[in-house]
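The values are calculated or read from the model by the stated rules, or taken from the named source; none is laboratory data. Please read all numbers here as calculations on a predicted model, not as lab measurements. We place every Cβ from the backbone using ideal geometry, glycine too, and count neighbours over all the protein chains shown. When the accessible area is computed, the model is the full protein with side chains, heavy atoms only, and any ligands, DNA or RNA have been set aside. Shrake-Rupley method; radii C 1.70, N 1.55, O 1.52, S 1.80 Å.
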Amino acid sequence: MKIICVGRNYADHAKELNNEVPKEAVLFLKPETAIIHKNMPFFIPDFSNEVHHELELVVKINKLGKHIQPQFAHKYYSELTVGIDFTARDVQAECKKKGLPWEKAKAFDGSALVGKFVKKDQFSDVNALNIKMTNNENVVQEGNTSDMLNSIDQLIAYISTYFTLKIGDLIFTGTPSGVAPVKKDDFLELYLEEDKLAQVNVK
Ligand code: MG
């Protein structure tokens, strides 16, 4: 399986990092080894002094597809959750400055937290879902999928023009504003609507 991530999919987040709001979705990948194993903590890697949390809605692909049309994209996923795209912001800044790829900053071991999946059918509109994360019980990120620049269906269509989507592939759909560094002893809890679907300790 592979993890496809979308960058700058919320205008308010693009602005907080002084990035332009892109005309097309920004895509990058994480390998399977990025996923944090069940109930394990997130270990801040030695090579970074500034790892940010990025709370994101995560979509699980349930059908093989290539060149998927937006109007059929809803048939290619049935489950959703929330997750964190952990980002070594200092490493990413260095990569950006040199015009290099972001993988070291984005795809390292443990850089992907994935919550418990729930059926999308329980929601009346997947394009109006609240996502929220608390850190030591204080709300640090909140967003609504209605603010995504590219909807889930548009993302599936766009991504599948470049990458064949396979069963079990995950799409991280981008973070709203509020990204911030994590530190030892942080405790992050992630919500989709009212349901807590993930939690992680930072070590
Ligand atoms: Mg992200």
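Observations
- So GLY110, is it at positive phi, open to solvent by less than 20 Å² (accessible area, probe 1.4 Å) and not acidic (Asp, Glu): yes
- Residue that is nearest to the chain's Cα centre (by Cα), among those in the stretch 85-115 that are of a type in the set (D, E, K, R) and within 18 Å of ASP169 (Cβ to Cβ): ASP85
- Of the residues in the stretch 167-179, at least one is under 13 Å from the mean Cα position of the chain (by Cα) and surrounded by fewer than 21 Cβ atoms within 10 Å (Cβ to Cβ).
- ASN138 being without any contact (Cβ under 8 Å) to a residue 12 or more places away in the chain, closer than 19 Å to LEU192 by Cα and surrounded by fewer than 17 Cβ atoms within 10 Å (Cβ to Cβ): yes
- Boolean, VAL91 is modelled with pLDDT of 95 or more, of a type in the set (Val, Ile, Thr) and assigned to a helix (DSSP H, G or I): yes
- No other residue among SER111, SER78 is polar (S, T, N, Q) and within 15 Å of the ligand (Cβ to nearest atom) apart from SER111.
- Hits in the stretch 64-75 (condition: surrounded by 15 or more Cβ atoms within 10 Å (Cβ to Cβ) and in a loop (DSSP other than H, G, I, E, B)): ILE68
- Condition broken by SER78, with the remaining ones in (1) surrounded by fewer than 18 Cβ atoms within 10 Å (Cβ to Cβ); (2) touching an Asp or Glu at 6+ places or on another chain (Cβ under 8 Å); (3) touching a residue at least 60 places away in the same chain (Cβ under 8 Å); (4) within 26 Å of LYS38 (Cα to Cα) satisfied: (3)
- Among the candidates PHE163, PHE123, residue that is open to solvent by 10 Å² or more (accessible area, probe 1.4 Å), away from the ligand (no atom under 16 Å from the Cβ) and touching a Leu at 6+ places or on another chain (Cβ under 7 Å): PHE123
- Count of the stretch 148-173 residues which are in contact with a helix residue (DSSP H, G or I) (Cβ under 7 Å, 6 or more places away or on another chain) and either in a helix (DSSP H, G or I) or without any contact (Cβ under 8 Å) to a residue 24 or more places away in the chain (or both): 5
- Single condition ASP121 does not satisfy, out of (1) closer than 18 Å to LEU27 by Cα; (2) part of a helix (DSSP H, G or I): (1)
- Within the stretch 174-196, residues that are closer than 18 Å to ALA112 by Cβ and away from the ligand (no atom under 15 Å from the Cβ) sit with their Cβ atoms under 8 Å from residues that are assigned to a loop (DSSP other than H, G, I, E, B) and open to solvent by less than 20 Å² (accessible area, probe 1.4 Å), at 6+ positions apart or across chains, in these pairs: LEU192/GLY115; LEU192/LEU129.
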